[in-house]
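Here's the structure, in structure tokens; my notes come after.
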Amino acid sequence: MKLLKKLSIGLVVILLLAYGAGRIFGPKAIDSKLNPFLEYNAPPISAEAQAFHDGLTVMDWHADSLLWNRNFLKRNDYGLVDLPRLKEGNISIQMLTTVTKSPSGQNVHSNNADTFDNITMLAAVQGWPLSTINSLLERALYQSDKLTDYVVESEGQLKWIRNQKDFKTYLNSNGGGVAVLLGTEGSHPLENNINNIDRMYNAGFRMFGLTHFFDNALGGSLHGTSKAGLTDFGKAAVKRFDELEIIIDLAHASEQMAYDVLSLSSRPPVVSHTGLKGACDTPRNFSDDLMKAIAAKGGLIAIGFWETAVCDPTPAGIAKTIKYGIELVGADHIALGSDWDGSVQAIPSNMVPHITAELLKLNVSKEDIRKVMGGNSIAFLQTWLPKD
């Protein structure tokens, strides 16, 4: 009771409502509704295409699975990704990202950071620690702790990659298990304190998105109200990211913020989950000119699997966007960024072989497919992860 008295009346009401919602619907029902499978008639994959895919080393740059109570180590009949389905899809390397705030009425046009936060309710429904109710930093650290537990419980099936040394060891092991890395969906968990970059780095974070669906202390979101570039705090954060050899993720950044990062940072960025405006003209996607600038910096553009990114979220549609990206910026700069478990409808992780099959049908060369499916990502991590 003493702790509840310290919370605002509004938060107490939220907790009580969330508890009631959790009792009625349950975390599984919420997860199932927000992360549905894409229903479509998948054509069979040829034996040749399957064999080719099985010989690839595949990486995906964005999955929000740590947000949910679903056990990542077990096969589930809901949600879009877990360890068994990663293995079925022959995905060897997965970036897991932490979601800590989502504004009510979230959309791709304009969001106000001061509206009701959906994650507060979700955290309460799922029984997260009370420390996460008032702190976005604690929400990020809690999800990092969940990953720690999964790695320990996996008994070697998950390998947490924190630096180039870890990655080299993993690759030399002939891909035993699935390698996982940790990133954050927006840098609002810093809570306006530059020292929290180091705290999150020490917790295992190696990729930082700058914004999510709303403006924050670092600058403007692509879906915020200002569309502004980096603030002074944002510039200081980019400098510290570079010093710690942290990968900067431009997904959800305003275009001005992205150009500011390209000018200020000494390192190439990643766009961890996106589409290409020339292939799918929605407010979710950067202009083709900006994508060319990101590629010119040596960056990676990871193609997403959901409708507002690629317009047609079937494997055929995803493959068409990938081919467009290869033609736009070159095969060396295109990768995969599914946004699995990010409250989107998409193909699950065990269906990634269908994308390879569709790329072959589009006469994309096997060399380019190897690059897009994982080769580019491996080369990037070997160069830009912290050295040790």
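A compact table of results
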item: Surface per residue (accessible, 1.4 Å probe) for the chain, Å²; result: 39 Å²
item: Between helix 255-264 and the chain: long-axis angle, C-alpha atoms, 0 to 90°, nearest 10; result: 80 degrees
item: From the C-alpha gyration tensor of the stretch 70-186, square roots of 5λ in Å; result: 30, 15, 15
item: Gyration tensor verdict on the stretch 171-289 (Cα atoms; rounded if a/c is under 1.5, prolate if a/b is larger than b/c, oblate otherwise); result: oblate
item: The chain - percent of accessible surface contributed by carbon and sulfur, probe 1.4 Å; result: 52 percent
item: Value of [θ]222 nm, deg cm²/dmol, for the chain, DSSP H segments ≥ 4, -39500 (n - 2.57) each, nearest 500; result: -12000 deg cm²/dmol
item: Within the stretch 234-315: Cβ-based charge dipole about Cα centre, in debye rounded to nearest 20 (Lys, Arg +1; Asp, Glu -1); result: 240 debye
item: Dipole of the chain [Lys/Arg +1, Asp/Glu -1 at C-beta], most positive-end residue of 178, 363, 310; result: 178
item: Cα gyration tensor shape for the stretch 136-187, rounded if a/c is under 1.5, else prolate or oblate; result: oblate
item: Lysine pairs meeting the criterion (Cα under 25 Å, 8 or more apart or interchain), as found in the stretch 52-198; result: 12
item: Residues with amide H under 5 Å from that of residue 115, placed H, sequence gap 5 or more; result: none
item: Note, ³J(HN,Hα) from phi for the stretch 156-164, Karplus 6.51, -1.76, 1.60, rounded to Hz, x at Gly and Pro; result: x, 6, 10, 10, 7, 9, 10, 7, 5
item: Per-residue ³J(HN,Hα) for the stretch 30-38, Karplus 6.51 cos²θ - 1.76 cosθ + 1.60, θ = phi - 60°, Hz, x for Gly and Pro; result: 5, 4, 4, 6, 8, 10, x, 5, 6
item: Packing-based ranking, highest mean first, of 71-78, 299-306 given that Cβ atoms within 10 Å are counted; result: 299-306, 71-78
item: Separation in nanometres of the label points that stand 7 Å from Cα toward Cβ, at residue 194 and residue 106; result: 3.0 nm
item: Pairwise Cα inverse-distance average, inverted: Kirkwood Rh of the chain (Å); result: 20.9 Å
item: Built amide H within the under 5 Å cut-off of residue 58, gap 5+; result: 92, 93
item: Cα gyration tensor category, rounded, prolate or oblate, for the stretch 324-388 with a/c compared to 1.5; result: oblate
item: Under 5 Å, built H, 5+ apart or other chain: amide partners of residue 158; result: 178
item: Stretchable slack from residue 41 to residue 292, in nm (0.36 nm times residue separation minus alpha-carbon distance); result: 86.9 nm
item: In Hz, Karplus ³J(HN,Hα) per residue of the stretch 54-69 (6.51, -1.76, 1.60; θ = phi - 60°; x = Gly, Pro); result: 5, x, 8, 9, 10, 10, 10, 9, 7, 9, 9, 5, 5, 5, 9, 6
item: Rounded tilt (10° steps) of 9-24 against the dominant C-alpha axis of the chain; result: 50 degrees
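The values are calculated or read from the model by the stated rules, or taken from the named source; none is laboratory data. Values in this document were obtained by computation on a predicted structure and should not be read as measured data. For neighbour counting, all protein chains shown are included, and Cβ atoms are generated from backbone atoms with ideal geometry for every residue, glycine included. Note: areas computed on protein heavy atoms with side chains; ligands, DNA, RNA excluded. Shrake-Rupley method; radii C 1.70, N 1.55, O 1.52, S 1.80 Å.
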